[in-house]
1. Output the residue which, of all residues in segment 14-29 that are crowded, with 19+ Cβ neighbours inside 10 Å and out of contact with any helix residue (DSSP H, G or I) (no Cβ under 7 Å at 6 or more places or on another chain), is farthest from residue 98 (Cα to Cα).
2. Within segment 157-193, how many residues turn out to be farther than 22 Å from residue 80 by Cβ, out of contact with any helix residue (DSSP H, G or I) (no Cβ under 8 Å at 6 or more places or on another chain) and part of a strand (DSSP E or B)?
3. Residue under question is residue 47, and the condition is that it be in contact with a helix residue (DSSP H, G or I) (Cβ under 8 Å, 6 or more places away or on another chain) and under 13 Å from residue 170 (Cα atoms); does it hold?
4. Quickly run through segment 142-161 and pick out the residues that are touching a strand residue (DSSP E or B) at 6+ places or on another chain (Cβ under 6 Å) and either closer than 16 Å to residue 118 by Cβ or crowded, with 20+ Cβ neighbours inside 10 Å (or both).
5. Among the listed residues 72, 28, 56, 64, which satisfies the condition of being part of a helix (DSSP H, G or I) and touching a strand residue (DSSP E or B) at 6+ places or on another chain (Cβ under 6 Å)?
6. If only one of 131, 154, 118 is over 18 Å from residue 95 (Cα atoms), in a helix (DSSP H, G or I) and without any contact (Cβ under 8 Å) to a residue 12 or more places away in the chain, which one is it?
7. Give the residues of segment 31-53 that are in a helix (DSSP H, G or I) and over 15 Å from residue 102 (Cα atoms), sorted by residue number.
8. Given 164, 180, 123, 99, which one is in contact (Cβ under 8 Å) with a residue 24 or more places away in the chain, buried (at least 17 other Cβ atoms within 10 Å of the Cβ) and over 17 Å from residue 51 (Cα atoms)?
């Protein structure tokens with residue numbers, strides 16, 4: 001696929017088939033992820049690929065408890081009923097039944113200043129999402145479980161020196177993904193000064 005085709009089509013997938021994601025495809029996605037820019041090229045990213053059913057269920061249960069424990073009521077006023085129902089279903093199914101989860105963390109001993117960690121990790125996550133889409137997989141950026149980092153660390157064995165930043169469910173979409181809904185660039189961009197229409 002053309003780069004712009006992938007970028008303009010990539011969107012969150014919340015419902016997956018149980019088809020396995022082969023190591024070769026996971027490795028291609030992770031390779032793309034590691035080609036993101038990072039502060040001083042320190043490459044602080046750490047990945048844990050989780051396929052084990054019980055371990056995926058444990059991470060999913062952590063997300064469900066946070067969603068039911070307050071995240072849902074926080075999100076509900078800001079998102080439509082359709083998206084809320086989709087997230088409810090996905091959370092109930094443990095990240096939508098994704099056959100693979102990729103926990104993306106940052107090595108706190110990498111030498112990257114804490115203020116630059118997110119600026120290094122999230123471009124890496126975006127590359128991972130785009131690579132998944134280019135290979136015909138669905139994926140989503142989720143961060144809810146990172147609010148209870150120690151519990152997430154315990155499930156996947158991350159040391160205290162690795163800060164989890166995201167959990168990415170990956171798999172074949174269980175239903176067709178429509179086009180992403182985005183506001184026109186002209187509503188967000190300004191020329192020379194804020195307030196001057198693009």
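No value in this document is a laboratory result; all are computed from the given coordinates. Note that this is a predicted model, so its numbers are computed, not measured. Every residue, glycine among them, receives a Cβ derived from its backbone with ideal geometry; neighbour counts consider all protein chains shown.
1. Here the residue is 26.
2. 1
3. Criteria not met by residue 47.
4. 142, 143, 145, 146, 149, 152
5. 56
6. 154
7. Selection gives 39, 40, 41.
8. Going through 164, 180, 123, 99 in turn, just one is in contact (Cβ under 8 Å) with a residue 24 or more places away in the chain, buried (at least 17 other Cβ atoms within 10 Å of the Cβ) and over 17 Å from residue 51 (Cα atoms): 164.
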